[in-house]
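Since the structure comes first, as structure tokens, the remarks are kept for the end.
The values are calculated or read from the model by the stated rules, or taken from the named source; none is laboratory data. Small disclaimer: the values here were computed from a predicted structure and weren't measured. Every residue, glycine as well, gets a Cβ built from its backbone with ideal geometry; the counts of neighbours run over all protein chains shown. Note: areas computed on protein heavy atoms with side chains; ligands, DNA, RNA excluded. Shrake-Rupley method; radii C 1.70, N 1.55, O 1.52, S 1.80 Å.
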Amino acid sequence: MKLKLAIVCFSINILFSCAQVKEVKPNVLVIYTDDHRYTGVHALGNMPVKTPTMDKLAEDGIIFTKTYLQGAFSGATCIPSRAMLLTGRNLFSLDGIGRNIPETDTTMGELFKREGYNTHIVGKWHQDNASLNRSFDSGDKIMGRSAYLVDHFRMPFWDFDKTSSYTREEGYLLQYDDNGKLIQRGLTADDKRGPTGTEKNGPHTSEVFAEYASKYIENYNEEAPFFMYLAFHAPHDPRQAPKKYLNMYKHDDIELTPSYMPQHPFDNGDMTLRDEALAPWPRTPKVVRKHLAEYYAIITHLDDQIGKVITALKASGNYKNTLIVFAGDSGLAVGNHGLIGKQSVYDEDGIHVPFILSGGFIKDKGKRVNSLSYTHDIFPTVCDLLTIEAPKSVNGKSLVQVINGREKAVRNATYHAYKQFQRAYRKGDYKLIEYVKAPGVHWKNGPYVAGSRVTQLFNIKNDPWEATDLSFLPEYEALIKKMRLEMKVAADDLGDGKSDQKGRDINFWDYYN
């Protein structure tokens with residue numbers, strides 16, 4: 001009898017030990033910011049923008065110094081950028097410009113649902129309804145689907161409703177009444193146009209998203225881990241922030257960047273779109289300092305809101321077992337090269353983005369990874385870190401072998417495209433940019449022919465702001481010829497030039513010679 005009892009006790013102890021050592025899947029928090037260039041994080045670019053929360057994420061995590069958006073076939077570059085992040089697919093394998101994610105392309109949310117996670121979205125969504133619904137179990141304050149005021153203080157939001165087709169034309173606004181009480185009201189015709197709001201009209205989008213993300217974390221009590229996609233609208237224009245933050249940056253004290261120009265030296269193909277209408281020509285130092293001050297202010301305000309989410313994560317006890325993925329969807333010029341928007345293939349102006357892996361799950365504190373990568377490499381990297389098999393639809397590359405030092409790089413070059421007007425190729429210390437004159441269609445002005453046949457060459461290592469064009473110097477003639485040939489090979493390998501998808505029926509290479 002004693003022997004049987006001993007065997008039973010031993011068996012129970014074994015089972016208890018196995019239960020104790022059973023691996024607990026980490027939570028995953030993806031924070032995606034909007035129009036946030038690499039140097040828009042102080043710890044990354046050492047620019048005079050205050051970002052203590054993001055700096056702490058960098059200090060406690062892994063910094064990727066050379067992560068880029070591959071490009072866009074839309075002036076709204078956030079559409080393809082989000083499609084690439086969410087699917088791990090490159091620009092040239094998206095469905096059209098990336099607004100629609102077909103069922104054959106597995107999203108992050110779908111994969112984590114299959115892996116037993118509860119998936120939740122807060123914030124901006126620029127893709128189709130079907131992919132939204134199949135990616136998430138729940139969500140709060142969905143923004144950007146339809147009614148869209150382009151105003152951080154009067155933004156319409158949508159309830160997450162998996163039974164709804166989201167066909168109604170109005171969302172709702174959060175706004176304060178005269179007594180300071182938070183109320184909800186429907187959109188009216190007057191809401192869709194007119195002057196931008198202030199904190200007197202309602203809470204800022206960053207505050208709303210941070211509040212609801214924090215609530216989800218605070219109230220989460222499921223055994224299964226969570227996957228949250230927290231997509232902020234900031235620092236996208238209008239560059240609004242509460243007065244407290246605007247007062248942190250005095251216009252006259254703002255330092256212009258090395259690539260500041262009052263006007264772009266030639267027609268790059270998209271000089272008349274909405275983003276470039278945000279400031280008059282020429283972009284005087286006074287105008288640019290104002291825009292930069294407001295850009296830094298909205299980033300600092302965003303940083304404080306992200307801090308609230310991190311605080312909630314730590315208070316909940318989940319921080320130690322959470323992987324935080326922090327990244328931006330595109331760069332932004334704000335005066336660089338005489339531009340204001342992000343419709344270019346210059347680094348800080350359009351394609352260089354922050355990417356940090358942090359949270360308690362990451363053990364390599366303060367590591368910097370300097371190898372080339374794209375935003376669509378983030379998905380397979382996260383899969384690899386969590387030992388989850390990436391979907392077969394993913395064609396990005398995992399960076400885990402670079403993180404652990406087993407490989408120096410997964411790419412030795414990058415290729416970038418903006419519409420039918422611009423292409424870029426980066427390899428080693430140099431970056432080649434080619435422009436063509438080609439027909440296009442502007443949403444406001446209709447059909448047009450724009451652009452210029454121009455070549456630029458930059459030494460990215462010595463001139464990261466791309467301030468000095470070397471293409472006219474005879475000593476670089478052989479290098480340019482070599483890079484042009486390699487760029488065309490890269491284009492062919494990626495399928496750039498195929499005219500079989502909506503939104504890409506005008507081919508850059510038909511106008512290049």
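Of note:
- Taking each residue as 0.36 nm, the span from Tyr448 to Asn412 lengthens on full extension beyond its C-alpha to C-alpha distance by 9.3 nm.
- Anisotropy class of segment 83-155 from Cα gyration tensor, a/c 1.5 cut: oblate
- Estimated at 0.36 nm per residue, the fully extended path between Glu477 and Thr272 surpasses their Cα-Cα distance by 70.6 nm.
- Residue-averaged [θ]222 nm for the chain, counting only DSSP H segments that reach four residues, each worth -39500 (n - 2.57): -8000 deg cm²/dmol
- Of the accessible area of segment 258-332, computed with a 1.4 Å probe over protein heavy atoms only, carbon and sulfur atoms account for 61 percent.
- The loop-placed trypsin sites (Lys or Arg not before Pro) in segment 343-372, going by DSSP, that have at most 12 neighbouring Cβ atoms within 10 Å of their Cβ come out as Lys363, Lys365.
- The chain: relative contact order as a whole-number percent, Cα under 8 Å and 6+ apart: 22
- For segment 276-347: rounded, prolate or oblate by the Cα gyration tensor [a/c cutoff 1.5]: prolate
- Antiparallel beta bridges, as assigned by DSSP with both residues in the chain, represent about 55 percent of the total such bridges.
- Estimated inter-spin distance, Ile388 and Lys488, nm [label 7 Å along Cα→Cβ]: 4.3
- Global dimensions of segment 17-135 from alpha-carbon coordinates: Rg and Dmax equal 17.1, 56 Å.
- Placing pseudo-labels 7 Å out from each Cα toward the beta carbon at Asp55 and Asp161 gives an inter-label distance of 4.5 nm.
- Shape metrics for the chain, restricted to C-alpha atoms - Rg then Dmax, Å: 23.8, 95
- GluC sites (Glu not before Pro) within segment 47-156: DSSP coil, no more than 15 neighbouring Cβ in 10 Å: Glu103
- Kirkwood Rh and Cα Rg combined as Rg over Rh, evaluated for segment 197-254: 1.13
- In segment 21-161, the portion of solvent-accessible area held by carbon and sulfur atoms comes to 49 percent [1.4 Å probe, whole percent, DNA, RNA and ligands not counted].
- Whole-number accessible area per residue in Å² for segment 239-322, which is evaluated in the context of all protein chains at 1.4 Å: 46
- Spin-label model, Asn507 to Met248: label points 7 Å out along the Cα-to-beta-carbon direction sit 4.9 nm apart.
- Length gained when the stretch Asn321-Glu103 is fully extended (0.36 nm per residue, less Cα-Cα span): 75.4 nm
- Counting only protein heavy atoms and a probe of 1.4 Å, the accessible surface of segment 385-494 is 54% carbon and sulfur.
- Sites Lys200 and Ala224, calculated FRET efficiency, Cβ-Cβ separation with R0 45 Å, nearest 0.05: 0.60
- In a DSSP loop and with at most 10 other Cβ atoms within 10 Å, the GluC sites (Glu not before Pro) in segment 196-259 are Glu222, Glu223, Glu255.
- Gap separating the Cα centres of segment 26-69 and segment 283-304, nearest whole Å: 17
- Listed residue pairs exceeding 26 Å between alpha carbons, taken from Lys200/Lys342; Lys25/Lys363; Lys56/Lys215; Lys461/Lys488: Lys200/Lys342
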